[in-house]
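Visitor: Right, I'll just put the structure down here and ask away after.
The values are calculated or read from the model by the stated rules, or taken from the named source; none is laboratory data. If you're wondering where the values come from, they're calculated on a predicted model, not measured in any experiment. Cβ sites come from the backbone with ideal geometry, for glycine too, and all protein chains shown count toward neighbours. The area values use the complete protein model at the heavy-atom level, side chains included, leaving out ligands, DNA and RNA. Shrake-Rupley method; radii C 1.70, N 1.55, O 1.52, S 1.80 Å.
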Amino acid sequence: MTLTTDLSGPCSWDIRTTREELAAGRISHVEHLDALLERLPPAQRLGAVISVDPELARALAHALDRLETWGPLTGIPLGVKDIVDVAGFPTTGGTRALEGHVVVRDAPAVRRLRKAGALLFLKTNLHELSFGITSNNGSFGPVHHPLDPALAAGGSSGGSAVAVAVGLVPAAVAADTGGSSRIPAALCGIVGFRPTLGRYPSSGVLPIAHSRDTIGPMARTVDDVVLLDALLAGERPSGPPPARHLEVDDGGPGPLHGVRLGVPELFLRDLEPGVDTVFGAALRALEAAGAELVEVDISPARDHAAPAGMAIALHEFLPDLEAYLADGGGTHSLEQVRGGIGSPDVRRIWELAEVFRAAEDEYRAAQQARRLALRLYTGALDARGVTALVQPTCPVTARPLGDDETVELNGRRVPTFETFTRHSDLAGIIGTPGISLPAGRTAAGLPVGLELAAGPGSDAVLLDLARTVEALLREQ
């Protein structure tokens, strides 16, 4: 059984197009919302939704049709991963023990989006407590892939990716610790962004680890991610980008002329053949557009970061979660949450965290290794003079639901979590930005993601580059 994501009408509009249509009076807020809500049943069947209040959304849309207010997101429905606080809704973290954890105030990041006019009525499913990569949730049920429900949508922000991919919302507020927005975006054929750590406010978000967590917006276009990024960062959104000259076969300089991009050979190894084919075609398109591709060795950075990443997460997880629960004024305890975990893999991670919680020496060593890895990473990019790295977001495409421990890759079984996060986890450990773009589809029709990654604080440059690369890839 398959579900088409070929959308038409308002379901296929990006945020800027929607705002233009609403402003011109060609469609009302209520008409637009009702068109999107036709996608709610398919999204629910795919397990993308944990809680939703359509009547609240309709009431807000009716009010907007009577008012003259106008903001960057006025009338735009957004999905919110169910670890981010939205006033009046439970923040469950995808676990049944927190089903009654109704919050009374918005997370600061959500407050910024609400002030901009966003309609917030939908909380999306995820891998339980965000500690996994398949979104095969043992408490609220699995998230199915939008093209083939027998496949996993990726995680941990799988529900957000599916809600965007099927046209229920044009964008979602997800999160990214080690690839949680970029990986499901790649598998589902949308855009997922991880900013520099600390760019967005982090309170009011059910945590894994404060040294690694960040909100990560997801959308169908880079342009919409640019808009959300500005709002989440507390900046003034820019206008639409100028038209770019994308023709590369007329003998003149292409749109990437003078741009130097690094290709980490480390992330070209052991790829699924379909990923290798699609990514190779993308590299050729970048070169044809004028980009200079050079090899960059980031192996030293990854060697120091890899063992540090999980140690940091396991050490910070329980204290950070306890602080979040206390700050929300609720009555839930760590013991209650632990007892309600429905996913065996998440329960095992919790048990590991109980051991690592007291390992102060190992934690300090891991933080030192993380800082060294960041210096090595930025040094490697600077030494080669590259604007960004370009790499496959994941070495594989979507895999069957239930392959939580191992997946098939090139004729052998390999660990699921480590395989899917192989390319994305480095940015999640050292706190640098990355964005996954749809690069194309395999012969079997499954989406492949291309990630652009850069140094800390280079978010604006990275997003501007992503706009150009997105346009090039669409023309392939």
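Visitor: Taking R0 as 56 Å, what's the FRET efficiency between Arg441 and Ala326 from their Cβ-Cβ distance, rounded to 0.05?
Guide: Numbers: r = 46 Å, r/R0 = 0.82.
It comes out at approximately 0.75.
Visitor: First compute the accessible area of the chain with a 1.4 Å probe, then give the percent of it belonging to carbon and sulfur atoms.
Guide: Details: 9240 of 17680 Å².
The C+S portion of the solvent-accessible surface of the chain is 52 percent.
Visitor: Taking every pair of distinct Cα atoms and averaging 1/r, then inverting, what Kirkwood hydrodynamic radius in Å comes out for region 87-230? Provide the component values of the computation, followed by the final result.
Guide: Details: mean 1/r = 0.0669 Å⁻¹.
When all Cα pairs of region 87-230 are included, the Kirkwood radius is 15.0 Å.
Visitor: Let me ask something else. With a 10 Å radius around each residue's Cβ, average the other Cβ atoms per peptide and rank 55-62, 259-266, highest first.
Guide: Working: 55-62: 16.2, 259-266: 19.2.
Ranking the peptides 55-62, 259-266 by packing returns 259-266, 55-62.
Visitor: Residues of the chain: accessible area per residue at 1.4 Å, in Å²? Walk me through the intermediate numbers first.
Guide: Details: 17680 Å² over 476 residues.
Using a 1.4 Å probe on heavy atoms only, each residue of the chain averages 37 Å².
Visitor: Moving to a separate point now. Run the simple label-point estimate for Ala87 and Glu335 please: 7 Å along Cα→C-beta, distance reported in nm.
Guide: 3.4 nm
Visitor: What Kirkwood radius, in Å to one decimal, follows from the Cα pairs of region 145-297? Mind showing how you got there, number by number?
Guide: Values: mean 1/r = 0.0570 Å⁻¹.
For region 145-297, the Kirkwood estimate is 17.5 Å.
Visitor: Same structure, new question: Specify whether the C-alpha gyration tensor of region 321-371 places it in the rounded, prolate or oblate class, a ≥ b ≥ c being the square roots of the eigenvalues: rounded for a/c under 1.5, otherwise prolate if a/b is larger than b/c and oblate if not.
Guide: Numbers: a/c = 2.76, a/b = 1.52, b/c = 1.82.
Since a/c reaches 1.5 but b/c is at least a/b, the shape of region 321-371 is classed as oblate.
Visitor: Additional query: Mind ranking 429-437, 372-380 by how tightly packed they are, going by the mean number of other C-beta atoms within 10 angstrom, highest first?
Guide: 429-437, 372-380
Visitor: Multiply the residue separation of Arg413 and Ala460 by 0.36 nm, subtract the distance between their alpha-carbon atoms, and state the gained length in nm to one decimal. If you can, show how the numbers build up before the last one.
Guide: On the way: separation 47, 0.36 × 47 = 16.92 nm, distance 3.92 nm.
Result: 13.0 nm gained on full extension.
Visitor: Additional query: Find the Cα radius of gyration of region 44-105, compare it with 2.2 N^0.38 Å by division, and give the number to two decimals. Don't skip to the end; give the middle numbers.
Guide: On the way: Rg = 13.8 Å, N = 62, 2.2 N^0.38 = 10.6 Å.
So region 44-105 has a normalised radius of gyration of 1.31.
Visitor: With a length cut of 20 Å (Cα positions projected on each helix's long axis) and a Kyte-Doolittle mean of at least -1.0, go through the chain and give me the DSSP H helices that pass. Walk me through the numbers on the way to the answer.
Guide: Numbers: long enough: 273-288 (23 Å, 0.71); 299-327 (40 Å, 0.11); 360-384 (36 Å, -0.85); 459-474 (22 Å, 0.79).
The qualifying helices are 273-288, 299-327, 360-384, 459-474.
Visitor: About the Cα centre, and with charges only on the beta carbon of Lys, Arg (+1) and Asp, Glu (-1), how big is the dipole of region 292-344? Nearest 20 debye, please.
Guide: Values: 2 positive and 9 negative charges, 66 e Å.
That gives a dipole near 320 debye.
Visitor: What full-extension length gain, to one decimal in nm, is calculated for Asp276 and Arg364 as 0.36 nm per residue of separation minus the Cα-Cα distance? Numbers along the way, then the final one.
Guide: Values: separation 88, 0.36 × 88 = 31.68 nm, distance 3.82 nm.
Gain on extension, Asp276 to Arg364, equals 27.9 nm.
Visitor: OK, next. Please state, as a whole number in µm²/s, the translational diffusion coefficient that the Stokes-Einstein equation yields for region 365-413 at 25 °C and 0.890 mPa s, with Rh defined as the Kirkwood radius across alpha carbon pairs. Each step should come with its number before you reach the end.
Guide: Working: Rh = 14.3 Å.
Here the translational diffusion coefficient equals 171 µm²/s.
Visitor: For Asp403 and Arg260, compute 0.36 nm times the residue count separating them, minus their Cα-Cα distance, and round to one decimal in nm. Present the calculation step by step, with values, prior to reporting the outcome.
Guide: Working: separation 143, 0.36 × 143 = 51.48 nm, distance 3.82 nm.
The Asp403-Arg260 span can extend by a further 47.7 nm.
Visitor: Nearest 20 debye, what's the magnitude of the dipole of the chain about its Cα centre given +1 on Lys and Arg Cβ and -1 on Asp and Glu Cβ?
Guide: Roughly 500 debye, rounded to the nearest 20.
Visitor: Farthest toward the dipole's positive end in the chain, which of Gly234, Leu283, Ala460, given Cβ charges of +1 (Lys, Arg) and -1 (Asp, Glu) about the Cα centre?
Guide: Toward the positive end, the furthest listed residue is Gly234.
Visitor: Still on this structure, please answer the following. In cubic angstrom, how much convex hull volume per residue do the alpha carbon atoms of region 374-458 span?
Guide: Values: hull volume 10.3 nm³, N = 85.
So the per-residue Cα hull volume is 121 Å³.
Visitor: Which whole number in µm²/s is D for region 139-187 by Stokes-Einstein, with the Kirkwood Rh taken over Cα pairs at 37 °C and 0.692 mPa s?
Guide: On the way: Rh = 10.7 Å.
Stokes-Einstein gives a translational diffusion coefficient of 308 µm²/s.
Visitor: Select from Ala380, His144, Leu64 the residue farthest towards the positive end of the dipole of the chain; place +1 on Cβ of Lys and Arg, -1 on Cβ of Asp and Glu, and compute about the Cα centre.
Guide: Checking the options against the dipole of the chain, the answer is Leu64.
Visitor: Sort the following peptides by mean Cβ neighbour count (other Cβ atoms within 10 Å, averaged over residues), highest first: 349-356, 316-323. Present the calculation step by step, with values, prior to reporting the outcome.
Guide: Values: 349-356: 16.4, 316-323: 18.1.
Per-residue mean Cβ counts within 10 Å order the peptides as 316-323, 349-356.
Visitor: So, in nm, how far is label Ala150 from label Leu293 when the simple model puts each one 7 Å beyond its Cα toward the Cβ?
Guide: Result: 3.3 nm between the two label points.
Visitor: Still on this structure: Scaled to the compact-protein estimate 2.2 N^0.38 Å, what is the alpha-carbon radius of gyration of region 11-152, rounded to two decimal places?
Guide: Values: Rg = 15.8 Å, N = 142, 2.2 N^0.38 = 14.5 Å.
After normalising by residue count via 2.2 N^0.38 Å, the value is 1.10.
Visitor: At q = 0.11 Å⁻¹, what is the base-10 log of I(q)/I(0) for the chain according to the Debye formula with one equal point scatterer per Cα and no solvent? Please give it to two decimals.
Guide: With one equal scatterer per Cα and no solvent, log10 I(q)/I(0) is -0.83.
Visitor: Under a point spin-label approximation (7 Å from Cα along Cα-to-Cβ), what is the Glu475-Asp65 distance to one decimal in nm?
Guide: Distance between the two pseudo-spin positions: 4.1 nm.
Visitor: Same structure, new question: Say the dipole of region 172-317 comes from +1 at the beta carbon of Lys and Arg and -1 at that of Asp and Glu; which of Leu293, Ala308, Ile208 then lies farthest toward its positive end?
Guide: So the residue we want is Ile208.
Visitor: Mind checking the alpha-carbon convex hull of region 287-383 and giving the volume per residue in Å³?
Guide: Working: hull volume 17.5 nm³, N = 97.
Given the Cα convex hull of region 287-383, per-residue volume reads 180 Å³.
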